[in-house]
Amino acid sequence: MVAVEAISLTKAFGDFLAVRDLSFKVEEGSVFGLLGPNGAGKTTTLRMIYGVLRPTSGTARVMGVDVRENPLEVKRMMGVLPEDTGVYPRLTAEENLIYFGKLRGMEEGRLRRRVDKLLDILDLSEKRFVIADKLSRGQKQKLAFARAILDEPPVLLLDEPTLGVDVMSAREIRRMIGEYASSGRTVILSTHNMWEVERLCDRIAIISEGTLRYEGSREDLERLAGEKEFEDIFVRLVRGETVGKAV
Amino acid sequence: MVRLFKGSSGVVKFTRGFGQRGYALPDAPWLVVAWKELLEAFRDRRTMLNVVLLPVILMPVVISLPALMLNPKTIPPKILVVVDDPGGMDLARRMKSLRNESGALVTVVSGGGNFTNLILSGEVDLIVEIPKGFYENVSSGRTGELIYYYDPYGARSSVAMGIVQEVVNQYSEEVLRERLRAINVSEEYIRPVVAVAKQITSTGGEATTSDIITAMVLPMMVGLIAITGAGTFAIDMIAGERERKTLEALFTNPVSRGQLLMGKFTALTLLSLVSGLATLLSALIGVLFAVSSASGYASATAIPQLMEPSRLLYLSFGILMTVALGGLTGNAVMVTAASFAKTFKEAQQYVGFLTLVLVVPMIAIPYAPQSLYPVLRLLPVSSLAMFARDMIVNPGELGAVISSLAASILYLIAFLWLSARMFGRESVIFG
């Protein structure tokens, strides 16, 4: 079953076309990688899917629900880690999670258990009562990740989830992403970390200048680029240097 | 033991309980948003400045300090009486007795000399010279001339002059009466016209000092405080959130913008109520204190006059309604500006400008002619000040109260609609 579907998504900011006619499908229970150089339109695409930007044309469907028609229902089914963590600096780590849990309508007992568990798993228990302003970049990133998976939504949208996180925590986050997908949920991942894409993603889309260049499995892209190393594959595909037939 | 508070400030420790009790928060998203906004506001140092320091400490000091400083009993003015005419000693003695009545420090010296440098050095606030020939002129039916030497820039010189002038007027009156008696002419004869001032008030009673303060200052102050109370918080809750990049994450939740805005408004209104009422109360105490210390009118009697049960109910209702209406209107305007601005700085500039725009009608109201009142009751912002005035000063005029209240509510709805439109725009997240 298709969990997320982008249908001819287009976004213009004045005369500038940030994303043009972008379409792809993400299967339920898979990890989908969104790759592209800076300014390619990855974040704008994600923002249209999670409903904070309204597409100029086209639409996105999440679990069959149209984001233009029912944005709140779509948001209910999605956990989001935006490009900027969006952690409230004057709230403690715990309060940040409580705030979002309550806004997402979580039952109090379940919210308490989830907060305890996630702070523990992500090694943030000691920072529970510390205001977020005092947390390191990596700790804030982990807190934002915990917030995204707080109510275990069926779809997870992550924009650079391991940015600034130490090796141990990045490893933990990657393990949790893998677990998330294997439990039947769907993850869309935007990242510059090639190794992460290689390890985690079932399918990968490469975006450049607001347009979808290629989409397929790692093997598909390898064949297309004629390279073995994923970084080389990415560079060749962004430059449009293909040896195989596009998928 | 786990160091729970490591890295946390005292304010966080103090307010952490609110966060703990967050588990027991109601489910309504707008209340959750209001809780979080208040929690953040309590932890913001600017809150202490706006809600505690400014209204409770600074406002009464600013208002009462000038009157306190000019009160002769606080710092007695120093007066030097130079008697160059022995016949003027009687008047000099009367001036000397001022020390007991007004607290002024009066020194009397005989003989001439140049004492003006004492004024420039600040050793003396006023020099009164009784020149040679003064008494002869007075006793022979001519005008005796006194000379005041004073500092035109010194407020204390003016105070000292006022004190001395009272004695001089009294002395002059006595001499005048003696002269009239000598020629057998009555006082009425030389004062053919005397004006008697009679007060006309809506209540029919005579206005006391506290009434006049209430009529002139209170409506303006109430409106002013209501409208400008929570500007800082409005910027922080919209432009501040955008600047800290928290607005995008907030908008990923399944909560409508209307609910989010309602939560922010609830917190803003509570903050403006607290800050508005605190400022108002302390300013009122400051004004009453200033008046009582300047005029000798006992604050002990002025305050209870305002607090008479019959007046208190109407007054409190009027103030509460104005602060609530004004707070909401002001917040709606500020939220609109903060949503429209691209950056925090830009929002501050808009809010600063709008505060001035909102304040001008409030200041102008006490000086506006009565014929303009019906129009002022229908104009934006001034309708609010007029409502305050009507509720506090003219409680009997129901038609006036209703028209200013209806206009204020209509403008509030318009501003709320505008703020919701602005907050609903895509650019509110990314500028």
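Only one residue in A:I173, A:I177, A:I207 is closer than 28 Å to A:G240 by Cβ and surrounded by 21 or more Cβ atoms within 10 Å (Cβ to Cβ). Which one?
On the way: A:I173 fails: closer than 28 Å to A:G240 by Cβ; A:I177 fails: closer than 28 Å to A:G240 by Cβ.
Answer to the check: A:I207.
If you take the residues of region A:177-202 that are assigned to a strand (DSSP E or B) and out of contact with any Asp or Glu (no Cβ under 7 Å at 6 or more places or on another chain), which of them is farthest from A:F13 (Cα to Cα)?
Among them, the one singled out is A:V187.
Do we find a residue being at pLDDT 95 or above, more than 17 Å from the chain's Cα centre (by Cα) and in the same structural domain as A:I131 (by TED's automatic domain parsing) anywhere in region A:77-85?
Scanning region A:77-85, I find no residue that is at pLDDT 95 or above, more than 17 Å from the chain's Cα centre (by Cα) and in the same structural domain as A:I131 (by TED's automatic domain parsing), so the answer is no.
With the checklist (1) at negative phi; (2) among the charged types (D, E, K, R); (3) not in a helix (DSSP H, G or I) in hand, flag the one item A:E95 doesn't pass.
Exception for A:E95: condition (3).
Evaluate the following for A:D84: is it away from chain B (no Cβ under 14 Å), in contact with a Ser or Thr (Cβ under 9 Å, 6 or more places away or on another chain) and surrounded by fewer than 23 Cβ atoms within 10 Å (Cβ to Cβ)? Let's see the steps before the verdict.
Working: away from chain B (no Cβ under 14 Å): no; in contact with a Ser or Thr (Cβ under 9 Å, 6 or more places away or on another chain): yes; surrounded by fewer than 23 Cβ atoms within 10 Å (Cβ to Cβ): yes.
Answer is no for this residue.
Name the pairs: first residue in region B:396-410 and over 12 Å from B:Y373 (Cβ atoms), second residue of a type outside the set (S, T, Y) and at pLDDT 90 or above, Cβ to Cβ under 6 Å, at least 6 apart or on different chains?
Hits for this filter: B:A407/B:L378.
What is the one condition in (1) at pLDDT 90 or above; (2) under 30 Å from A:W195 (Cα atoms); (3) assigned to a loop (DSSP other than H, G, I, E, B) that A:R61 does not satisfy?
Failed condition: (3).
What's the number of the condition B:E145 fails, among (1) modelled with pLDDT of 80 or more; (2) part of a helix (DSSP H, G or I); (3) surrounded by 12 or more Cβ atoms within 10 Å (Cβ to Cβ); (4) acidic (D, E)?
(2)
Residues to consider are B:L118, B:L68, B:L80; find the one that is assigned to a helix (DSSP H, G or I) and either under 30 Å from B:A278 (Cα atoms) or touching a Phe, Trp or Tyr at 6+ places or on another chain (Cβ under 8 Å) (or both).
On the way: B:L118 fails: either under 30 Å from B:A278 (Cα atoms) or touching a Phe, Trp or Tyr at 6+ places or on another chain (Cβ under 8 Å) (or both); B:L80 fails: assigned to a helix (DSSP H, G or I).
Just a single option satisfies the conditions, and that option is B:L68.
Can you confirm whether B:L372 is out of contact with any strand residue (DSSP E or B) (no Cβ under 7 Å at 6 or more places or on another chain), outside any helix (DSSP H, G or I), over 17 Å from B:I227 (Cβ atoms) and among the hydrophobic types (A, V, I, L, M, F, W, C)?
Judged against the criteria, B:L372 is not a match.
Show the residue pairs meeting these rules: Cβ distance below 8 Å; 6+ apart or different chains; first residue within region B:140-157 and assigned by TED's automatic domain parsing to the domain that holds B:L91 and of a type in the set (D, E); second residue modelled with pLDDT of 90 or more and in a strand (DSSP E or B).
Hits for this filter: zero, empty list.
Find all pairs meeting these conditions: Cβ atoms under 7 angstrom apart; at least six residues apart or on different chains; first residue within region B:274-288 and under 9 Å from B:I63 (Cβ atoms); second residue outside any helix (DSSP H, G or I).
If the second residue must be outside any helix (DSSP H, G or I), the pairs left are B:V287/B:V217.
The values are calculated or read from the model by the stated rules, or taken from the named source; none is laboratory data. This one's a predicted model, so the numbers in the text were calculated from it and none came from an experiment. Every residue, glycine as well, gets a Cβ built from its backbone with ideal geometry; the counts of neighbours run over all protein chains shown.
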